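Comments concern the structure below.
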Amino acid sequence: MQMRSLNHTNLKIGRICFGGNVFGWTLNENESFLILDAFVAAGFNFIDTANTYAWWVNGVGGQSETILGKWMKSRGNRDKIIIATKTGSKTKNHPVDSSAAHILSSAEESLQRLQTSYIDLYYTHFDDEKTAVAETMQAFDQLVKRGMIRYPAASNVSPKRLIESMEASEMNGYAKYVALQPQYNLVERLHYEHDYAPLVNKFGFSVFPYWSLAAGFLTGKYRSEADLQKSVRGKGVKKYLNEKGLTVLAALDEVSQKHNTKPAAIALAWLLAQPTISAPIVSATSIKQLEVIISAVSLQLDKDDLLKLNIASS
């Protein structure tokens with residue numbers, strides 16, 4: 001399995017990051033343990049979660065981190081796992097908040113749920129766009145100096161505020177963001193490629209895209225209005241049931257048949273072939289789904305494959 005270093009860090013990660021939003025939502029604790037065991041047994045080590053997963057179930061979140069903490073404790077493998085979690089997103093109790101007070105208190109709570117003394121990557125999950133970026137970065141810097149987190153990272157921060165954040169860190173000698181978690185996939189390309197990719201090249205961010213399979217749309221599971229009833233994520237993919245989305249699925253079908261694999265594996269292999277992408281974040285709710293995800297790492301798309309996918313998704 002390929003391993004890659006995070007730019008500017010000594011974190012060694014696999015080419016796939018498991019998305020922990022499913023823990024405590026579509027997977028219970030026992031099911032989560034089985035998936036995590038299989039993921040690690042396959043040679044992977046990078047798991048992404050957030051303090052507010054899954055707040056849409058209980059109003060406040062915390063289930064995902066709690067399950068992940070119990071699993072690491074029961075397996076005794078914390079030193080072998082790279083954990084990313086986040087701060088700042090809303091719950092029923094508070095709005096988006098990137099203030100220092102919220103970041104510092106959230107980190108303490110996440111460490112307790114994760115049953116660990118440090119977090120490898122700690123993201124600004126959402127930026128409230130009113131807190132001074134210097135305040136946010138100073139809070140991350142404090143957490144780094146206290147040994148509570150190893151590196152700050154950013155997700156859902158506007159390009160303008162991302163630049164300002166890096167400048168504030170440089171000016172004040174604070175720890176800087178080392179990674180970016182944007183939305184990026186075959187049906188959501190423009191925002192990342194136009195607005196964020198230049199900043200990735202400028203600042204050397206490692207990039208871990210979320211919604212790598214567009215909430216399941218790129219698996220080919222949803223091809224009609226009737227298909228939207230197949231899972232709890234159906235509503236989220238309705239917007240892709242258009243000419244462009246179906247054109248992308250047709251290209252995925254063609255390339256997946258050529259490689260004797262599934263559309264999901266091809267969609268992830270396309271991401272892995274992009275020069276700025278370190279590892280896509282992707283979830284699975286069964287071992288069968290996990291096997292498809294993992295197979296993407298060894299897929300080699302040729303120029304014709306990539307051209308076909310690029311044209312379909314442009």
Number of the exception - Gln229 against (1) assigned to a helix (DSSP H, G or I); (2) buried (at least 22 other Cβ atoms within 10 Å of the Cβ)
(2)
Hits in the stretch 26-78 - residues which are closer than 19 Å to Asn93 by Cα and either among the acidic types (Asp, Glu) or part of a loop (DSSP other than H, G, I, E, B) (or both)
Ala50, Asn51, Thr52, Tyr53, Ala54, Gly59, Val60, Gly61, Gly62, Glu65
Within the stretch 291-309, the residues that are farther than 16 Å from Leu218 by Cα and among the hydrophobic types (A, V, I, L, M, F, W, C) are Val297, Leu299, Leu301, Leu307
The helices (runs of 4 or more DSSP H) lying entirely within the stretch 86-202 that contain at least 1 residues which are touching a residue at least 24 places away in the same chain (Cβ under 8 Å), in contact with a Pro (Cβ under 9 Å, 6 or more places away or on another chain) and surrounded by 21 or more Cβ atoms within 10 Å (Cβ to Cβ) are 133-145, 159-172
Only one of Thr261, Thr247, Thr276 is out of contact with any strand residue (DSSP E or B) (no Cβ under 9 Å at 6 or more places or on another chain), outside any helix (DSSP H, G or I) and either in contact (Cβ under 8 Å) with a residue 12 or more places away in the chain or among the aliphatic types (A, V, I, L, M) (or both), namely Thr261
Taking the stretch 215-224, which residues are touching a Leu at 6+ places or on another chain (Cβ under 7 Å), surrounded by fewer than 23 Cβ atoms within 10 Å (Cβ to Cβ) and either in a loop (DSSP other than H, G, I, E, B) or free of Cβ contacts under 8 Å to residues at least 40 places away in the same chain (or both)?
Gly220, Arg223
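The numbers here are math on the coordinates, done by the rules we state, and not lab data. Predicted model only: the values in this text are computed from it and were never measured. Positions of Cβ are backbone-derived with ideal geometry, glycine not excepted, and every protein chain shown enters the neighbour counts.
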